[in-house]
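The values are calculated or read from the model by the stated rules, or taken from the named source; none is laboratory data. Since this is a predicted model, take the numbers as computed values, not measurements. Here the Cβ positions follow ideal geometry from the backbone for every residue, glycine too, while neighbour counts run over all protein chains shown. Just the protein is used for accessible areas: all its heavy atoms, side chains included, with ligands, DNA and RNA removed. Shrake-Rupley method; radii C 1.70, N 1.55, O 1.52, S 1.80 Å.
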Amino acid sequence: LTIKAIEEGAKVIASDVNEKGLDETITLTSGRAEKYLLDVANHEAIKAFATDIIQKHPNETIILVNNAGVGLASGNFTETPLDDFEWLMNINLYGVIRLCKAFLPHLLQQNKGHIVNVSSVFGLAGMPNQSAYSTAKFGVKGFSDVLKAELLETNVKMQ
């Protein structure tokens, strides 16, 4: 997705909490993507990220792609520690919500832009031994459906 967007002329800001993986992505783009270390579980980091990006690109159309996600191999729900469940939700669901909250006011002020929230087939059908992941992805799907309806009267698009 990153390489395709660059090939089509987009300025890409690639972010990840994993610096090694992020460096690999930047290398694949021949350095054409801007690198930004970001932990989507950290609300303050997200606010700083959004402020920085908006200041650097004040009049450009923003396409926010929320694709961060982690999984667990913890077994069924009764075997999954609550701390692990909350850790996953904080990244896979609340990361999406926080990023939308941080960027949406700017998109609405400009009355342009796109938000793409990546869910999963696990957000359409609950899977055994994936209680946290499925819950988060159902949440992303429902949240995205609500945003799409709320943005109908604007030029901000929800995918």
State whether the residues of region 16-25 include one that is in contact with a strand residue (DSSP E or B) (Cβ under 6 Å, 6 or more places away or on another chain), surrounded by 17 or more Cβ atoms within 10 Å (Cβ to Cβ) and more than 27 Å from Asp145 (Cβ to Cβ).
yes
Mind counting the residues in region 80-92 that are open to solvent by 20 Å² or more (accessible area, probe 1.4 Å) and either in contact with a Ser or Thr (Cβ under 8 Å, 6 or more places away or on another chain) or at pLDDT below 95 (or both)?
4
Residue under question is Leu108, and the condition is that it be out of contact with any Lys or Arg (no Cβ under 6 Å at 6 or more places or on another chain), at pLDDT below 95 and aliphatic (A, V, I, L, M); does it hold?
no
Can you say whether Ala125 is over 23 Å from Leu1 (Cα atoms), of a type outside the set (Val, Ile, Thr), exposed (fewer than 13 other Cβ atoms within 10 Å of the Cβ) and at pLDDT below 95, as far as the supplied structure shows?
yes
Mind telling me which of the residues Asn129, Asn90 ends up being polar (S, T, N, Q) and part of a helix (DSSP H, G or I)?
Asn90
Odd one out for Phe49, checked against (1) in contact with a strand residue (DSSP E or B) (Cβ under 9 Å, 6 or more places away or on another chain); (2) exposed (fewer than 14 other Cβ atoms within 10 Å of the Cβ):
(2)
